[in-house]
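Remarks on the structure that follows.
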Amino acid sequence: MPRPRRHRCGTLLLLLAGSSTAASETLRGTLLVCHQAFVERLYISRRYERWFGGVAYLVLPGTAGRRRSHEATGATATVPAPEACDRFQIACFFARRGAGRDPYVAAYAQLFGQLATFARRDEPPPWLRPHWRGKGGVTGAVVAHLDFWLDPPSFAHRVATNALDLKRPWTLAAGLNRPPDDKVREFRVFGRYCLGGEELEEDREWTWGHDAKSKATSAWALSEPKRATAPEACAAWADLFYLPFSMFADFAELCGTHFKFHHEVAVPTALRFLEVEGRAPAPQFLNCWGCSQAWAKDPAVVNQHACGHRLDLGRRHVRDAFRHRLDMRPFARDAVLESQIYELDAEQGGPWDGKVRYWETARGLDKWTSGCCRLPSANQTACGCVGRDPPRERSKLPRKRLIYIYSPKIFARCARRNIRGAARRARRRLAVGFDGGGSELGGAAAAAGRPRGARRAPA
C-alpha cells in the first residue's frame, strides 16, 4: 500500500527546512556592526547573533550614555555606555575623537583598522573577544544603522547560492533623495553613481553638501593613484554596506587619512578608488526597501523585503512584528543566547496591547509608511519612489534556489491535496526575495535617477 501523501509532503518540507538552517551557517564568519544603537532595542538586535559570527555596537564619540528622543513618537532611548555593555554582555566599540570631521568616517577608520588585525589571525580585539561566536578569524563585516532591518536567512541563502559574494563589497542600489521643490514636484531617488571632470562640476541632481565635491576630488589626488588619472566623486546611500576582510586595511587607511568628509560621498568614493586602483573588486548592489528618510510602519512591508530602512522602532507594533519575524526564521539554537534574549524580552520588550494605532490618533499620516515623499494629502505615498519597490521582472529562479520553511498549515494542506499543488503554494508563500518580488540583485533601482553621463562601477 502506498504511503499517504501527507507523509511524503511532510518529509519534503522537513528536508527543505533543514537545508535552510544549514545555509544560515554561511554568515558565521561575518561581523554585523550596528550604529545608532540603543540599549532599549537590544532585545531585537541581539537576535541577529543567531546567524552572524558576532554583533557589535559602534558608539560615536561623545554619545555614550546619552538619551535621544524619537522624532515622531517622542519616546526616549539610551546610547550604550561601557557599564551597559558589560551588564548586557555585548561587544561595544567606542570611537575616539580627533580622526576627522565626519564622525562616521572617523569611526569606520578606527573600527576597520582593528578588524584588519583580526582578519589576519584568529584572535579578536579585546572588545570583541568574549562575544565572537565565529570559527577562526572574521571574513567580512556588515555595517548598518540599527533601524536598517535585515532578514539574515535571506542573505545567507543568497550567499550559499552564489547570488551574493562574500569576497566582494556590497552597497545599496538606491536611497539618496532630494525633497521636491517648486520646479520639481515629483520625488526623486538616486542610486550609486560616480562623476568626474565637467560632469561632476555641472551636476545638480543631488545636493553634494558639505563641500563634498571638492573634498572628494582632492582626497582622490592626495591618495596618489597609480592607475586612475581623472579624480571621481561618488554618491551613495551609506546606511548599510559590507566589506570583505581583504579590504579592511585599505579602507581604514583611506578613511583615516584623506577621505575625511561626508560619509555618503566618502564611503562610495573610497570603494571606487580601491576598485580603479585594482586593490578591490567591484561592488554588488542590494535593492533594499526605502531611502535615507523613509519610515516603515507597516509590518507587511517589512515582511515582504529582506532589507530596508527605516524600521520604525518607535512603534510598539512594528517592534513586536519584527521580533516575531526573526523568531520564526530558521536558526541554530544556542541555549545561552536564547536565555539572554528571554531576559531582555522580559526587561525591555513587553507586549504590544494591540490597540494603539498611530494612523488613528494623528490626522494626515500615511497609514503604513512615511518619510520619503513630503507631498500633501493622498500624494504622500510612503516612499512612493524607486526606493520603495524597485522595478523588477518576474522571478525566473529555479525551484532549488528558493527557501522553504516548515509550516503546520502547509502540512495540513498536504494531507488534503497532491504534492505538486502543495509545493507550488509553499513556494508562493515562503520564498523570500530581496524586494518582495524575487528579483535579482542590482536591478533597475541602481540606475534610476542617475544623471546623464554618470558612470558607475560594473556589477
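The values are calculated or read from the model by the stated rules, or taken from the named source; none is laboratory data. All values derive from a computational prediction rather than experimental measurement. We place every Cβ from the backbone using ideal geometry, glycine too, and count neighbours over all the protein chains shown.
Values as computed for the structure displayed
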quantity	calculated
Top-ranked residue in segment 333-352 [being of a type in the set (A, V, I, L, M) and over 25 Å from ALA296 (Cβ atoms); ranked as modelled with the lowest pLDDT]	ALA346
Odd one out for ASP151 among (1) of a type in the set (Asp, Glu); (2) under 30 Å from VAL336 (Cβ atoms); (3) modelled with pLDDT under 95	(3)
Test: residue in segment 160-169 that is in contact with a Pro (Cβ under 9 Å, 6 or more places away or on another chain), modelled with pLDDT of 95 or more and outside any loop (DSSP other than H, G, I, E, B)	no
Some residue of segment 260-275 being under 18 Å from the mean Cα position of the chain (by Cα), at pLDDT 90 or above, closer than 20 Å to ILE44 by Cα and not hydroxyl-bearing (Ser, Thr, Tyr)	no
Filter result for the condition that a residue is at pLDDT below 90, in contact with a helix residue (DSSP H, G or I) (Cβ under 6 Å, 6 or more places away or on another chain) and basic (Lys, Arg), over LYS367, LYS355	LYS367
Long-range neighbours under 8 Å by Cβ, at least six apart or interchain, first residue among the charged types (D, E, K, R) within segment 117-129, second at pLDDT below 95 and not in a helix (DSSP H, G or I)	ARG120/GLY137; ARG121/GLY137; ASP122/GLY136; ASP122/GLY137; ARG129/GLU123
Qualifying positions in segment 225-254 - more than 30 Å from ARG204 (Cβ to Cβ), among the hydrophobic types (A, V, I, L, M, F, W, C) and in a helix (DSSP H, G or I)	PHE245, MET247, PHE248, ALA249, ALA252
Given (1) modelled with pLDDT under 95; (2) under 30 Å from GLU40 (Cβ atoms), number of the condition PRO225 does not satisfy	(2)
Residue ID - surrounded by the fewest Cβ atoms within 10 Å (Cβ to Cβ), chosen from residues in segment 204-221 that are hydroxyl-bearing (Ser, Thr, Tyr) and touching a residue at least 24 places away in the same chain (Cβ under 8 Å)	THR207
Test: residue in segment 285-298 that is polar (S, T, N, Q), buried (at least 20 other Cβ atoms within 10 Å of the Cβ) and touching a Ser or Thr at 6+ places or on another chain (Cβ under 8 Å)	yes
Those residues of segment 48-77 which are β-branched (Val, Ile, Thr) and either under 23 Å from ILE341 (Cα atoms) or at pLDDT 90 or above (or both), in sequence order	VAL55, VAL59, THR63, THR76
